[in-house]
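Take a look at the structure set out below.
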Amino acid sequence: KELKQAGFYPVAFDKHARIGGVWAWGWDSLVMTSSSVHTAFSDFPPEGNLRMWTRDEYWHYLEKYCTAFDLWEHIHTNTKVLKAWREPPICEGTSNLWQVVVEGPLGKTTWGCCALVIATGVNQVPTYPVYPGFETFTGKVLHTRDYRSDMDFTGKRAVLVGMGESGSDISYDAARQCAETFISIRKTAGWVVPRLRNSTPADIVTNRILWGLPRRAGPWLSRAMATGDSVLDRDEVIKEMGKYNFAVLEKGSNRLGVYGTFGTKNTSFLKAMVKCGAKLKPEIIRLGPGKSVHFADSTVTEADVLLFNTGFRYDFSFIQPRADDVELKQALEDAKDVRNLWKKVLHPAVGASLCFVGFARPAFGSQPPMAEMQARLCAFALGSNGAGLPPRDVMELQIELDRDRIQRQFGAEQRVRSLDDYVLYLNDVASIIGCHPGSIWRLALSSPRLAWNVMAGPHIVAQFRLRGPGCKPALAAETLQRSTLPFARLCRIRLFVISAALWLLCALLSTVLGASWRPVGFEAPTGQLSVKQLREELERRRRRNLILP
């Protein structure tokens, strides 16, 4: 859609019968962990009341989106990409052309194009941990991808391995049927939050106040949140969640609390423990013989079912560079860790002719808006023929700076390579495109209500349609107004009150202790820095071991 509006004729291939990826083939009771306003794209607001979409509701939203923007003629379903490569430039100074071989209803065909966008996402190839004795295990082995809601686990003993949002949901589904359920987690489930609080989506307070706190305030905020949940809340599952999050803090590997880890935005695995008697276990060290499962705490259990919620890996093997295309080979090797890409989208060696979209995962927030912002960056880069992009040496230094920030912020979660800070990432990319809403303080002078909605309302991407390329200010302002809770209702939300109080405290501290305590996100990110300035900033961070922002 973004490429079409930039004047290109895009062609999309999907090997499935319908669009939507995991939302086309996931289990039928699948429910999103981000609310409808956080999940929706910036210029196509959701219909109806604020809620958590089901699998089918979100798929219908995507279907309406394609219809609204006349995208169906550009989409080829039941079509698998077999091979892609770059041809050498026709003459000096011209760009490489891509050749893409696909197989669909009409057989094999070859397409030529000026740029290739890989938007396959991270949920491609299931990953399985390797344990000693795996080949001797005689129980049934499943992966998240195999799971369906109508599977019968009645009377069985199940071990669920790994914990993410899907794993959490599946654990409760299984525990309601199983005779005995064990949940094996190697490290932690990150920071756990519920989908709903008092029937309202909990992410309604993912705003510029909560996420405008300096990240060094994370331990204060996290302890206040965990205390409120474990002591003040009446719900048994929420109390257990508060205790679990406290335990995550006490482990000490995450020094920024909620700001330094990924979120598990549902409490289903805790509900499985509280209401169904599921047991939390450490990592598995060995399998077999028979149905035996051996844990790191020296306990052993028998399992009829071993269900791996251990994620996926991405696969770019369909791109087959020519033997002499050294730059493309290097780009594909580097892209195995998307932190090596500029803004997780472009590789400096090949520029805008190869874009990766959908490979950034928010610690908290929603993935579709991040993918949309990446698509806008892709269209911006291609539309300007690369003129709007920084030089290669600047790109490389910016990659190093971003990787350094992510390492300092999410150091304990380095295995999740696509992880990033939702608010910082969106604002950073928006400033490159030129669609950042600008200074909130300046906005407050011209439109106080709009400034309040941008600041205290959910951090939805409609705010990046207020100005700049592709702006739709009237639609954006209306969407922001509809999405922001009334002030009186916000003041009844404990997390909003805690974060607002901390925000004021940090603002006061910054006058004494300096800019490192100043709330962030209320000014547009700074403009492009020179190579010298970038090198100085990187050295400054390393010398002072800074956690930024």
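See the values below:
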item: Residue-span extension gain [SER446 to GLU537] - 0.36 nm each, minus C-alpha spacing; result: 29.4 nm
item: Virtual spin-label span in nm between ALA247 and ASN78, 7 Å along Cα→Cβ; result: 5.0
item: Inter-centroid distance (Cα atoms) of region 323-384 relative to region 416-434, Å; result: 12
item: Label-point separation, THR138 to SER199 (7 Å along Cα→Cβ), nm; result: 5.2
item: Theoretical FRET efficiency, 1/(1+(r/R0)^6), r = Cβ-Cβ of THR110 and ASN385, R0 25 Å, to 0.05; result: 0.50
item: Within-10-Å neighbourhood charge of ARG494 [Cβ basis; K, R +1; D, E -1]; result: 0
item: Average Cα contact separation per residue, region 207-296, under 8 Å, 6 or more apart, as relative contact order %; result: 23
item: Sites GLN407 and ARG145, calculated FRET efficiency, Cβ-Cβ separation with R0 25 Å, nearest 0.05; result: 0.25
item: For region 116-131, 3J(HN,Hα) per residue [Karplus equation, 6.51 cos²θ - 1.76 cosθ + 1.60, θ = phi - 60°, Hz, x = Gly/Pro]; result: 10, 10, 9, 10, 7, x, 8, 8, 9, 10, x, 10, 10, x, 9, 10
item: Kirkwood hydrodynamic radius of the chain, Cα pairs, Å; result: 24.9
item: Extension gain, ARG415 back to VAL31 (0.36 nm per residue minus Cα-Cα distance, nm); result: 135.7 nm
item: Net charge dipole size for the chain [Lys, Arg +1 and Asp, Glu -1 on Cβ; Debye, nearest 20]; result: 1420
item: Relative contact order, percent, region 101-186 [alpha-carbon distance under 8 Å, six or more residues apart]; result: 22
item: Length-normalised contact order of the chain in % [C-alpha pairs under 8 Å, at least 6 apart]; result: 19
item: Whole-Hz couplings from phi, Karplus 6.51/-1.76/1.60, listed for region 422-430; x for Gly and Pro; result: 3, 5, 4, 5, 4, 5, 5, 5, 4
item: Per-peptide average of other Cβ atoms within 10 Å, ordering 123-136, 22-35, 321-334 highest first; result: 22-35, 321-334, 123-136
item: Listed residue (TYR244, ALA224, TYR259) projecting farthest to the positive dipole end of region 186-262, Cβ model; result: TYR259
item: Ranked list, fewest to most other Cβ atoms within 10 Å of each Cβ, for LEU354, LEU232, LEU534; result: LEU232, LEU534, LEU354
item: Förster radius 35 Å - calculated FRET efficiency between LEU475 and ALA17, Cβ distance, rounded to 0.05; result: 0.60
item: Set of lysines with alpha-carbon distance to LYS1 below 21 Å, sequence-local pairs under 8 removed; result: LYS15, LYS64, LYS80, LYS343, LYS344, LYS472
item: Sum of side-chain charges, LYS4 neighbourhood, beta-carbon under 11 Å (Lys, Arg +1; Asp, Glu -1); result: -2
item: Label-point gap, in nm, between VAL231 and PHE312 - each point 7 angstrom along Cα→Cβ; result: 4.3
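FYI, it's all coordinate maths here, none of it is from the lab. Just so it is clear, the structure is predicted and the values come from calculations on it, not from any experiment. Heads up, the Cβs are rebuilt from the backbone with ideal geometry, glycines too, and the neighbour counts pull from every protein chain shown.
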